[in-house]
1. As an exercise: evaluate Y70 against (1) closer than 16 Å to E99 by Cβ; (2) surrounded by 14 or more Cβ atoms within 10 Å (Cβ to Cβ) and give the number of the one condition it does not meet.
2. How about the stretch 97-111: which of its residues are at pLDDT below 95, open to solvent by 90 Å² or more (accessible area, probe 1.4 Å) and not hydroxyl-bearing (S, T, Y)?
3. Does any residue of the stretch 36-47 turn out to be touching a Pro at 6+ places or on another chain (Cβ under 8 Å) and either among the small types (G, A, S) or surrounded by 13 or more Cβ atoms within 10 Å (Cβ to Cβ) (or both)?
4. Which residues, counting only those in the stretch 75-96, are at pLDDT below 95, open to solvent by 40 Å² or more (accessible area, probe 1.4 Å) and either under 14 Å from the mean Cα position of the chain (by Cα) or of a type in the set (F, W, Y) (or both)?
5. What single numbered condition from (1) open to solvent by 100 Å² or more (accessible area, probe 1.4 Å); (2) closer than 22 Å to R101 by Cα fails to hold for K32?
6. Please go through (1) loosely packed, with under 14 Cβ neighbours inside 10 Å; (2) under 30 Å from D110 (Cα atoms); (3) without any contact (Cβ under 8 Å) to a residue 40 or more places away in the chain for I20 and return the number of the only condition it doesn't satisfy.
Amino acid sequence: MVNKFFKILSIEFSDLEESIETLIGSILERYKRQEITEHVANENSSLLRRELTDMLIIHKKIMELSSDDYQTVEEATTAIIDLIYSFTGIPEAVHSFMEKRVRKVLRYMDEVC
């Protein structure tokens, strides 16, 4: 069950990362259509790129955890959320986005499994 949790979580994190990439693309499109200034486009896309980089780093660290080290999904959830918040000096949104995905997978596992 814990192994399945990690697999689904990895998919959710990849989806989150793709969403951020899509947002970056939409900012550049808005700039091309002259809906926003170059300064706004640069600032917003820079922030999103930073958040994406942080998410990728955390995602990688989480996937380095061994599902065999946890007896329950709840234990794994606690360890993962603790790991997410152990990264300091990054935008709080990263913590929040990633924790929400963890909780989403936990809810899914509770309902389906």
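The values are calculated or read from the model by the stated rules, or taken from the named source; none is laboratory data. The structure presented is a predicted model; accordingly, all values stated were derived computationally and were not measured. Please note: Cβ atoms are built from the backbone with ideal geometry, for glycine as well, and neighbour counts cover all protein chains shown. Heavy atoms of the whole protein, side chains included, go into the accessibility calculation; ligands, DNA and RNA do not. Shrake-Rupley method; radii C 1.70, N 1.55, O 1.52, S 1.80 Å.
1. (1)
2. R107, D110, E111
3. yes
4. The one that is at pLDDT below 95, open to solvent by 40 Å² or more (accessible area, probe 1.4 Å) and either under 14 Å from the mean Cα position of the chain (by Cα) or of a type in the set (F, W, Y) (or both): E92.
5. Exception for K32: condition (2).
6. Here I20 clears every test but (1).
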